[in-house]
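Below is one structure, written out as C-alpha coordinates; comments come after it.
The values are calculated or read from the model by the stated rules, or taken from the named source; none is laboratory data. What you are looking at is a predicted structure, and each value in this text was computed from that prediction instead of being measured. Cβ: placed from backbone, ideal geometry, glycine included. Neighbour counts: every protein chain shown. To get the accessible areas, we keep the full protein, side chains included, count just its heavy atoms, and leave off ligands, DNA and RNA. Shrake-Rupley method; radii C 1.70, N 1.55, O 1.52, S 1.80 Å.
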Amino acid sequence: MIVLGLETSCDETAAAIVDDGRRILSNRVLSQLAEHRPYGGVVPEIAARSHLDHLDRLIAEALDEAGMRLDELDGIAATAGPGLIGGVFVGVLTAKAIAAARRLPFLAVNHLEGHALTVRLTDGIAFPYLLLLISGGHCQLLAVEGVGKYRRYGSTIDDAVGEAFDKTAKMLGLGYPGGPAVERAAAGGKAGCFTLPRPMKGRPELDFSFSGLKTALRQQAESLNLEDAQAVSDLAAEFQQAVAEVLSDRVTGALRRFARETGQPGPLVVAGGVASNLTLRSALEETAAAAGSGFHAPPPALCTDNGAMIAWAGLERLQLGLVDPLDFAPRPRWPLDDPTLARDA
Ligand code: KG4
Ligand code: ZN
(Lines give C-alpha, C1' and ligand atoms only; values in the text may rest on other atoms or scores of the structure.)
(Ligands and ions follow the chains in the order given, each with its own letter.)
Protein backbone atom coordinates (compact mmCIF):
# COMPACT_ATOMS: atom_id res chain seq x y z
CA MET A 1 0.00 0.00 0.00
CA ILE A 2 1.38 3.42 -1.01
CA VAL A 3 0.00 6.79 0.11
CA LEU A 4 0.80 10.40 -0.82
CA GLY A 5 0.42 12.87 2.05
CA LEU A 6 0.05 16.65 1.89
CA GLU A 7 0.69 19.06 4.77
CA THR A 8 -0.31 22.73 4.50
CA SER A 9 -1.74 23.61 7.93
CA CYS A 10 0.91 26.12 9.00
CA ASP A 11 4.10 27.48 7.43
CA GLU A 12 5.53 24.35 5.80
CA THR A 13 4.32 23.18 2.39
CA ALA A 14 5.02 19.45 2.28
CA ALA A 15 4.36 16.36 0.17
CA ALA A 16 5.62 12.86 0.91
CA ILE A 17 5.05 9.26 -0.10
CA VAL A 18 5.22 6.31 2.32
CA ASP A 19 4.43 2.63 2.01
CA ASP A 20 3.12 -0.05 4.34
CA GLY A 21 6.63 -1.44 4.77
CA ARG A 22 7.34 1.74 6.84
CA ARG A 23 9.47 3.19 4.08
CA ILE A 24 9.54 6.91 3.30
CA LEU A 25 9.83 6.89 -0.49
CA SER A 26 10.05 10.68 -0.70
CA ASN A 27 9.68 13.60 1.67
CA ARG A 28 9.66 17.16 0.30
CA VAL A 29 9.31 20.05 2.75
CA LEU A 30 9.39 23.71 1.75
CA SER A 31 9.66 26.13 4.67
CA GLN A 32 8.02 29.54 4.30
CA LEU A 33 10.26 31.00 7.01
CA ALA A 34 11.74 33.75 4.86
CA GLU A 35 8.27 34.95 3.82
CA HIS A 36 7.03 35.29 7.42
CA ARG A 37 10.24 36.44 9.12
CA PRO A 38 9.67 40.19 8.48
CA TYR A 39 6.43 39.92 10.49
CA GLY A 40 7.91 37.95 13.40
CA GLY A 41 5.34 35.16 13.05
CA VAL A 42 3.17 33.25 10.59
CA VAL A 43 0.79 35.47 8.56
CA PRO A 44 -2.15 33.20 7.60
CA GLU A 45 -2.94 34.92 4.29
CA ILE A 46 0.68 34.82 3.12
CA ALA A 47 0.89 31.16 4.17
CA ALA A 48 -2.22 30.16 2.19
CA ARG A 49 -1.04 31.94 -0.97
CA SER A 50 2.40 30.41 -0.69
CA HIS A 51 0.95 26.88 -0.29
CA LEU A 52 -1.07 27.51 -3.45
CA ASP A 53 2.04 28.66 -5.34
CA HIS A 54 4.21 25.69 -4.38
CA LEU A 55 2.12 22.62 -3.59
CA ASP A 56 1.70 21.29 -7.15
CA ARG A 57 5.45 21.47 -7.75
CA LEU A 58 6.21 19.73 -4.44
CA ILE A 59 3.82 16.89 -5.33
CA ALA A 60 5.58 16.49 -8.70
CA GLU A 61 8.95 16.44 -6.91
CA ALA A 62 7.73 13.90 -4.36
CA LEU A 63 6.52 11.61 -7.17
CA ASP A 64 9.83 12.05 -9.04
CA GLU A 65 11.91 11.34 -5.96
CA ALA A 66 9.92 8.15 -5.33
CA GLY A 67 10.09 7.26 -9.04
CA MET A 68 6.31 6.91 -9.22
CA ARG A 69 3.24 8.04 -11.12
CA LEU A 70 -0.08 9.06 -9.56
CA ASP A 71 -1.75 5.87 -10.75
CA GLU A 72 0.63 3.78 -8.65
CA LEU A 73 -0.78 5.30 -5.44
CA ASP A 74 -3.41 3.61 -3.26
CA GLY A 75 -4.63 6.78 -1.55
CA ILE A 76 -4.18 10.55 -1.09
CA ALA A 77 -4.08 12.03 2.40
CA ALA A 78 -4.12 15.70 3.39
CA THR A 79 -4.16 17.56 6.68
CA ALA A 80 -7.83 18.53 7.08
CA GLY A 81 -7.31 20.38 10.39
CA PRO A 82 -6.60 21.69 12.92
CA GLY A 83 -4.62 24.62 11.53
CA LEU A 84 -4.76 27.86 9.59
CA ILE A 85 -7.87 27.29 7.53
CA GLY A 86 -6.72 28.96 4.29
CA GLY A 87 -3.73 26.66 4.04
CA VAL A 88 -5.73 23.60 5.09
CA PHE A 89 -8.16 24.32 2.22
CA VAL A 90 -5.31 24.37 -0.30
CA GLY A 91 -4.08 20.92 0.74
CA VAL A 92 -7.53 19.38 1.08
CA LEU A 93 -8.81 20.70 -2.27
CA THR A 94 -5.65 19.55 -4.03
CA ALA A 95 -5.93 16.06 -2.54
CA LYS A 96 -9.64 15.84 -3.34
CA ALA A 97 -9.00 16.91 -6.95
CA ILE A 98 -6.34 14.21 -7.42
CA ALA A 99 -8.53 11.64 -5.67
CA ALA A 100 -11.51 12.49 -7.87
CA ALA A 101 -9.51 12.54 -11.11
CA ARG A 102 -7.68 9.27 -10.36
CA ARG A 103 -10.54 7.56 -8.50
CA LEU A 104 -8.38 7.13 -5.42
CA PRO A 105 -9.45 7.03 -1.77
CA PHE A 106 -9.22 10.42 -0.03
CA LEU A 107 -8.05 10.53 3.60
CA ALA A 108 -8.80 13.59 5.73
CA VAL A 109 -6.03 13.46 8.32
CA ASN A 110 -6.08 15.20 11.67
CA HIS A 111 -2.68 16.97 11.89
CA LEU A 112 -2.30 15.94 15.54
CA GLU A 113 -2.93 12.32 14.63
CA GLY A 114 -0.09 12.70 12.11
CA HIS A 115 2.26 13.72 14.95
CA ALA A 116 0.80 11.01 17.21
CA LEU A 117 1.38 8.10 14.80
CA THR A 118 4.77 9.13 13.28
CA VAL A 119 6.61 6.99 15.80
CA ARG A 120 4.87 3.89 14.40
CA LEU A 121 6.37 4.77 11.02
CA THR A 122 9.87 5.44 12.39
CA ASP A 123 10.09 2.92 15.25
CA GLY A 124 7.30 0.47 14.44
CA ILE A 125 5.96 0.44 18.00
CA ALA A 126 2.63 -1.13 18.99
CA PHE A 127 -0.38 0.41 20.77
CA PRO A 128 -0.90 1.46 23.50
CA TYR A 129 1.58 4.19 24.43
CA LEU A 130 1.61 7.41 26.41
CA LEU A 131 2.00 10.42 24.12
CA LEU A 132 3.38 13.82 25.06
CA LEU A 133 2.41 16.02 22.13
CA ILE A 134 4.32 19.30 22.19
CA SER A 135 3.99 21.65 19.22
CA GLY A 136 3.40 25.27 18.33
CA GLY A 137 -0.31 25.06 19.06
CA HIS A 138 -0.64 22.13 21.46
CA CYS A 139 0.63 20.64 24.70
CA GLN A 140 -1.16 17.46 25.69
CA LEU A 141 -0.72 14.11 27.35
CA LEU A 142 -2.79 11.29 25.85
CA ALA A 143 -3.13 7.54 26.09
CA VAL A 144 -2.96 6.33 22.48
CA GLU A 145 -4.93 3.10 22.23
CA GLY A 146 -5.29 2.77 18.49
CA VAL A 147 -5.80 4.72 15.29
CA GLY A 148 -8.39 7.36 16.17
CA LYS A 149 -8.46 6.20 19.81
CA TYR A 150 -7.08 8.78 22.18
CA ARG A 151 -7.81 9.45 25.83
CA ARG A 152 -6.65 12.83 27.03
CA TYR A 153 -4.94 12.94 30.43
CA GLY A 154 -4.16 16.63 30.45
CA SER A 155 -3.47 19.67 28.31
CA THR A 156 -2.27 23.22 28.68
CA ILE A 157 -4.70 25.61 30.31
CA ASP A 158 -3.09 28.57 28.52
CA ASP A 159 -0.09 28.63 26.12
CA ALA A 160 1.35 25.72 24.14
CA VAL A 161 5.03 24.88 24.75
CA GLY A 162 6.13 25.89 21.24
CA GLU A 163 4.31 29.18 21.70
CA ALA A 164 6.22 29.72 24.96
CA PHE A 165 9.50 29.09 23.13
CA ASP A 166 8.49 31.48 20.34
CA LYS A 167 7.50 34.26 22.77
CA THR A 168 10.65 33.73 24.81
CA ALA A 169 12.75 34.12 21.67
CA LYS A 170 10.95 37.37 20.86
CA MET A 171 11.48 38.78 24.36
CA LEU A 172 15.16 37.86 24.29
CA GLY A 173 15.65 39.33 20.81
CA LEU A 174 16.57 35.93 19.38
CA GLY A 175 14.34 36.22 16.32
CA TYR A 176 12.05 33.79 14.55
CA PRO A 177 11.44 30.87 14.60
CA GLY A 178 11.81 30.83 18.34
CA GLY A 179 12.28 27.20 19.33
CA PRO A 180 15.58 26.48 17.59
CA ALA A 181 16.88 29.98 18.47
CA VAL A 182 16.21 29.48 22.18
CA GLU A 183 17.80 26.02 22.07
CA ARG A 184 20.95 27.44 20.41
CA ALA A 185 21.20 30.32 22.90
CA ALA A 186 20.60 27.99 25.85
CA ALA A 187 23.45 25.73 24.73
CA GLY A 188 25.91 28.51 25.65
CA GLY A 189 24.21 29.37 28.94
CA LYS A 190 23.80 28.03 32.45
CA ALA A 191 20.47 27.34 34.15
CA GLY A 192 20.27 28.65 37.71
CA CYS A 193 21.85 32.09 37.10
CA PHE A 194 18.27 33.39 36.92
CA THR A 195 15.23 32.06 38.75
CA LEU A 196 12.05 31.19 36.89
CA PRO A 197 8.97 29.37 38.24
CA ARG A 198 7.99 25.75 37.45
CA PRO A 199 4.21 26.13 36.96
CA MET A 200 2.04 23.13 37.97
CA LYS A 201 5.03 21.14 39.23
CA GLY A 202 3.88 18.69 41.91
CA ARG A 203 0.16 19.18 41.21
CA PRO A 204 -1.91 15.98 41.07
CA GLU A 205 -3.89 16.79 37.89
CA LEU A 206 -1.98 16.37 34.62
CA ASP A 207 -2.49 19.78 33.00
CA PHE A 208 0.15 22.30 32.00
CA SER A 209 0.46 26.06 32.28
CA PHE A 210 3.10 28.28 30.71
CA SER A 211 1.71 31.80 31.03
CA GLY A 212 3.23 32.38 34.49
CA LEU A 213 6.61 31.28 33.18
CA LYS A 214 6.23 33.70 30.28
CA THR A 215 5.33 36.60 32.59
CA ALA A 216 8.27 35.87 34.89
CA LEU A 217 10.57 35.70 31.90
CA ARG A 218 9.28 39.02 30.59
CA GLN A 219 10.01 40.68 33.94
CA GLN A 220 13.57 39.34 33.94
CA ALA A 221 14.09 40.21 30.27
CA GLU A 222 12.95 43.81 30.82
CA SER A 223 15.74 44.47 33.30
CA LEU A 224 18.31 42.72 31.12
CA ASN A 225 20.74 44.23 28.64
CA LEU A 226 19.91 42.19 25.53
CA GLU A 227 23.38 43.03 24.14
CA ASP A 228 24.82 40.89 26.92
CA ALA A 229 24.89 37.60 25.01
CA GLN A 230 25.96 35.58 28.07
CA ALA A 231 23.08 36.85 30.17
CA VAL A 232 20.62 36.13 27.35
CA SER A 233 22.03 32.60 27.06
CA ASP A 234 21.77 32.07 30.81
CA LEU A 235 18.13 33.19 30.85
CA ALA A 236 17.34 31.00 27.81
CA ALA A 237 18.97 28.04 29.60
CA GLU A 238 16.92 28.68 32.74
CA PHE A 239 13.74 28.86 30.64
CA GLN A 240 14.54 25.59 28.89
CA GLN A 241 15.37 23.95 32.22
CA ALA A 242 12.05 25.13 33.70
CA VAL A 243 10.18 23.64 30.71
CA ALA A 244 12.13 20.38 31.00
CA GLU A 245 11.33 20.06 34.72
CA VAL A 246 7.63 20.82 34.24
CA LEU A 247 7.28 18.37 31.36
CA SER A 248 9.15 15.66 33.26
CA ASP A 249 6.99 16.17 36.36
CA ARG A 250 3.73 15.95 34.36
CA VAL A 251 4.99 12.92 32.41
CA THR A 252 5.93 11.10 35.62
CA GLY A 253 2.36 11.44 36.89
CA ALA A 254 0.93 10.44 33.51
CA LEU A 255 3.11 7.32 33.28
CA ARG A 256 1.82 6.29 36.69
CA ARG A 257 -1.79 6.71 35.58
CA PHE A 258 -1.06 4.94 32.28
CA ALA A 259 0.45 1.95 34.11
CA ARG A 260 -2.51 1.80 36.47
CA GLU A 261 -5.03 1.89 33.63
CA THR A 262 -3.32 -0.28 31.03
CA GLY A 263 -1.13 -2.52 33.19
CA GLN A 264 1.79 -1.42 31.03
CA PRO A 265 4.77 0.76 32.06
CA GLY A 266 4.72 2.81 28.84
CA PRO A 267 6.39 3.43 26.53
CA LEU A 268 6.55 7.21 26.50
CA VAL A 269 6.39 8.80 23.05
CA VAL A 270 7.25 12.45 22.51
CA ALA A 271 6.12 14.12 19.28
CA GLY A 272 5.49 17.53 17.70
CA GLY A 273 7.87 20.34 16.73
CA VAL A 274 9.17 20.96 20.27
CA ALA A 275 10.19 17.29 20.49
CA SER A 276 13.07 18.16 18.16
CA ASN A 277 14.70 19.99 21.13
CA LEU A 278 17.61 17.79 22.20
CA THR A 279 17.75 19.00 25.83
CA LEU A 280 14.04 18.26 26.32
CA ARG A 281 14.39 14.89 24.61
CA SER A 282 17.17 13.75 26.89
CA ALA A 283 15.38 15.05 30.02
CA LEU A 284 12.25 13.11 29.00
CA GLU A 285 14.24 10.01 28.15
CA GLU A 286 15.71 10.08 31.67
CA THR A 287 12.24 10.57 33.13
CA ALA A 288 10.95 7.55 31.24
CA ALA A 289 13.93 5.46 32.32
CA ALA A 290 13.40 6.45 35.97
CA ALA A 291 9.81 5.20 35.68
CA GLY A 292 10.98 1.95 34.07
CA SER A 293 9.39 2.95 30.76
CA GLY A 294 10.68 2.81 27.20
CA PHE A 295 11.17 6.05 25.27
CA HIS A 296 10.54 6.87 21.60
CA ALA A 297 10.66 10.10 19.64
CA PRO A 298 10.77 10.51 15.86
CA PRO A 299 14.04 11.91 14.47
CA PRO A 300 14.00 15.74 14.77
CA ALA A 301 13.18 16.31 11.08
CA LEU A 302 10.01 14.21 11.48
CA CYS A 303 9.01 16.02 14.69
CA THR A 304 8.49 19.35 12.94
CA ASP A 305 5.71 19.47 10.34
CA ASN A 306 6.20 17.27 7.28
CA GLY A 307 4.23 15.28 4.70
CA ALA A 308 5.44 11.83 5.75
CA MET A 309 3.51 12.02 9.02
CA ILE A 310 0.30 12.83 7.12
CA ALA A 311 0.92 10.12 4.50
CA TRP A 312 1.54 7.59 7.29
CA ALA A 313 -1.57 8.51 9.31
CA GLY A 314 -3.52 8.32 6.03
CA LEU A 315 -2.06 4.90 5.32
CA GLU A 316 -2.97 3.60 8.78
CA ARG A 317 -6.52 4.88 8.30
CA LEU A 318 -6.75 3.42 4.79
CA GLN A 319 -5.67 0.03 6.13
CA LEU A 320 -8.66 0.17 8.50
CA GLY A 321 -11.04 1.30 5.76
CA LEU A 322 -11.44 4.76 7.30
CA VAL A 323 -11.76 6.56 3.97
CA ASP A 324 -13.37 10.03 3.84
CA PRO A 325 -15.99 11.43 1.45
CA LEU A 326 -15.02 14.12 -1.05
CA ASP A 327 -17.35 16.59 0.69
CA PHE A 328 -15.42 16.32 3.96
CA ALA A 329 -15.28 19.86 5.41
CA PRO A 330 -11.88 21.05 6.75
CA ARG A 331 -11.87 21.77 10.49
CA PRO A 332 -9.90 24.73 11.91
CA ARG A 333 -10.38 23.17 15.36
CA TRP A 334 -10.30 19.41 15.73
CA PRO A 335 -9.24 17.86 19.04
CA LEU A 336 -7.52 14.50 18.97
CA ASP A 337 -9.97 12.93 21.40
CA ASP A 338 -12.91 13.72 19.10
CA PRO A 339 -14.98 10.50 18.89
CA THR A 340 -15.55 10.90 15.12
CA LEU A 341 -11.83 10.14 14.59
CA ALA A 342 -12.35 6.52 15.62
CA ARG A 343 -15.67 5.96 13.83
CA ASP A 344 -15.89 2.23 13.25
CA ALA A 345 -12.13 1.61 13.58
O1 KG4 B 1 4.77 20.66 15.08
P2 KG4 B 1 5.22 21.97 14.57
O3 KG4 B 1 6.25 21.99 13.45
O4 KG4 B 1 4.00 22.83 14.09
C5 KG4 B 1 2.80 22.81 14.79
O6 KG4 B 1 2.00 21.86 14.54
O7 KG4 B 1 2.62 23.69 15.66
O8 KG4 B 1 5.78 22.78 15.82
C9 KG4 B 1 6.29 24.08 15.68
C10 KG4 B 1 6.75 24.57 17.04
C11 KG4 B 1 7.17 26.04 17.03
O12 KG4 B 1 6.57 26.69 18.14
C13 KG4 B 1 8.67 25.96 17.18
O14 KG4 B 1 9.24 27.08 17.84
C15 KG4 B 1 8.84 24.69 18.00
O16 KG4 B 1 7.88 23.81 17.47
N17 KG4 B 1 10.19 24.14 17.85
C18 KG4 B 1 11.06 24.02 18.88
C19 KG4 B 1 12.26 23.52 18.31
N20 KG4 B 1 12.06 23.35 16.96
C21 KG4 B 1 10.78 23.74 16.72
N22 KG4 B 1 10.94 24.31 20.19
C23 KG4 B 1 12.01 24.08 20.97
N24 KG4 B 1 13.20 23.63 20.50
C25 KG4 B 1 13.37 23.34 19.19
N26 KG4 B 1 14.55 22.89 18.73
ZN1 ZN C 1 2.57 20.17 13.78
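Summary of values
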{"quantity": "Residue among Val119, Val88, Val43, Val92 that alone is open to solvent by less than 50 Å² (accessible area, probe 1.4 Å), within 16 Å of ligand 1 (Cβ to nearest atom) and closer than 20 Å to Leu326 by Cβ", "calculated": "Val88"}
{"quantity": "Residue in the stretch 307-323 that is farthest from Glu12 (Cα to Cα), counting only those that are touching a residue at least 40 places away in the same chain (Cβ under 8 Å) and part of a loop (DSSP other than H, G, I, E, B)", "calculated": "Leu320"}
{"quantity": "Flag for Thr215 being of a type in the set (Val, Ile, Thr) and under 24 Å from the mean Cα position of the chain (by Cα)", "calculated": "no"}
{"quantity": "Selection from the stretch 182-201 of residues that are on the phi < 0 side of the Ramachandran plot and either part of a loop (DSSP other than H, G, I, E, B) or modelled with pLDDT under 95 (or both)", "calculated": "Gly188, Gly189, Lys190, Ala191, Cys193, Phe194, Thr195, Leu196, Pro197, Arg198, Pro199, Lys201"}
{"quantity": "Breaking point among (1) open to solvent by less than 50 Å² (accessible area, probe 1.4 Å); (2) within 16 Å of ligand 2 (Cβ to nearest atom), for Ala181", "calculated": "(2)"}
{"quantity": "Hits in the stretch 9-32 (condition: away from ligand 1 (no atom under 16 Å from the Cβ), in a loop (DSSP other than H, G, I, E, B) and either surrounded by 14 or more Cβ atoms within 10 Å (Cβ to Cβ) or at pLDDT below 95 (or both))", "calculated": "Asp20"}
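Residue-wise test of (1) within 13 Å of ligand 1 (Cβ to nearest atom); (2) more than 15 Å from the chain's Cα centre (by Cα); (3) open to solvent by 10 Å² or more (accessible area, probe 1.4 Å); (4) under 22 Å from Phe258 (Cα atoms).
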site: Ala126; (1), (2), (3), (4): no, yes, yes, yes
site: Leu131; (1), (2), (3), (4): no, no, no, yes
site: Ile134; (1), (2), (3), (4): yes, no, no, yes
site: Cys139; (1), (2), (3), (4): yes, no, no, yes
site: Leu142; (1), (2), (3), (4): no, no, no, yes
site: Tyr150; (1), (2), (3), (4): no, yes, yes, yes
site: Ala164; (1), (2), (3), (4): yes, no, no, no
site: Tyr176; (1), (2), (3), (4): yes, yes, yes, no
